[in-house]
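So the structure is just underneath, and the comments pick up after that.
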Amino acid sequence: MEGLQAVVTTAPSGDPAEAAELAARFGLRCEGRAGRPLREIIAGAGAPVLVLAARRADLHQLERVYRAGPGMALLRVLRARRGESDPLVEVAGLGPGERVLDATLGLGGDALVAAHATGAPVVGIEADGLLAAFTAAGLRRVPGPAREAARRIEVVRADHRQFLEAQPAGSFDVVLFDPMFRRAREAGPQFELLRAHAEDAPLDSATLLQARRVARRGVLVKDAAPGHELHRLGLVPRLSRRSAAIAFGWADSR
């Protein structure tokens, strides 16, 4: 799909103003329905098509349909509301009012959990315009108890390296990195979408150093257990008690 400008359109229940706004924000092309059937728009687009309905958002790409949403993060928020600890929140020590930057937003799962834990705005960085629009649309449609947390997430289309370089020192309390989805370990349709659009470059020491400068307290990096990437970055892996497949590394601010 490289080089093709993705399209944003609406289902009958969708809002054309939202389609225009997402397309403008994330560098996509907005197409009004004008009474045309969806199959005609998809066939004529020659590119992925994001379809916005009132309660859902679907991405049509290469004869596949992906439903926007936070996935397992919704369950994580529900567990937190019951008083259970979340490994990411625990290791990062996230507290009320803290400002979090999710430098690898992806589908927004960790950002949603962080927004719930802090009760404060979270900034999420995504370089790919289509993935950013897909995630933003999904966050707007998060149901029930996680809805307020989802509304506090600001999706920004940017290269996270350039974004970090432009930030003042200590401008966020914690910076999050989750480069796990760039490897093929994860399964499921949404991770296929991530692999198709997310940058596959590994986190480098220079970027981690910038993140430590921007973070007032520190930087949390997720990795697949046992934590080979964390070792490469000079971080000590801490395995998640909830999932043996995940390891965390923490770097204090500079």
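Structure values in brief
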| read-out | value |
| --- | --- |
| Solution diffusion estimate, µm²/s, Stokes-Einstein, segment 73-252, Kirkwood Rh from C-alpha pairs, 25 °C, viscosity 0.890 mPa s | 152 µm²/s |
| Considering only the chain, percent of DSSP beta bridges that pair antiparallel, nearest 5 | 45 percent |
| Residue exposure sequence - 77, 219 - by fewest surrounding Cβ within 10 Å | 77, 219 |
| Viscosity 1.002 mPa s, 20 °C: Kirkwood-radius Stokes-Einstein D of segment 74-144 over Cα pairs, µm²/s | 170 µm²/s |
| Exposure proxy ranking, count of Cβ atoms within 10 Å, fewest first, for 171, 205, 85 | 205, 85, 171 |
| Per-residue Cβ neighbour rank within 10 angstrom, fewest leading, 116, 228, 60 | 228, 60, 116 |
| Calculated diffusion of segment 23-164, Stokes-Einstein form, Kirkwood radius summed over Cα pairs, 25 °C and 0.890 mPa s, µm²/s | 153 µm²/s |
| Order by protection proxy (mean Cβ within 10 Å, highest first), peptides 47-53, 102-108 | 102-108, 47-53 |
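Each reported figure results from applying straightforward, stated rules to the coordinates on display, with no laboratory input. Owing to the predicted nature of the structure, the values given are computational and were not obtained by experimental measurement. Neighbour counts run over all protein chains shown; Cβ positions are idealised from the backbone, glycine included.
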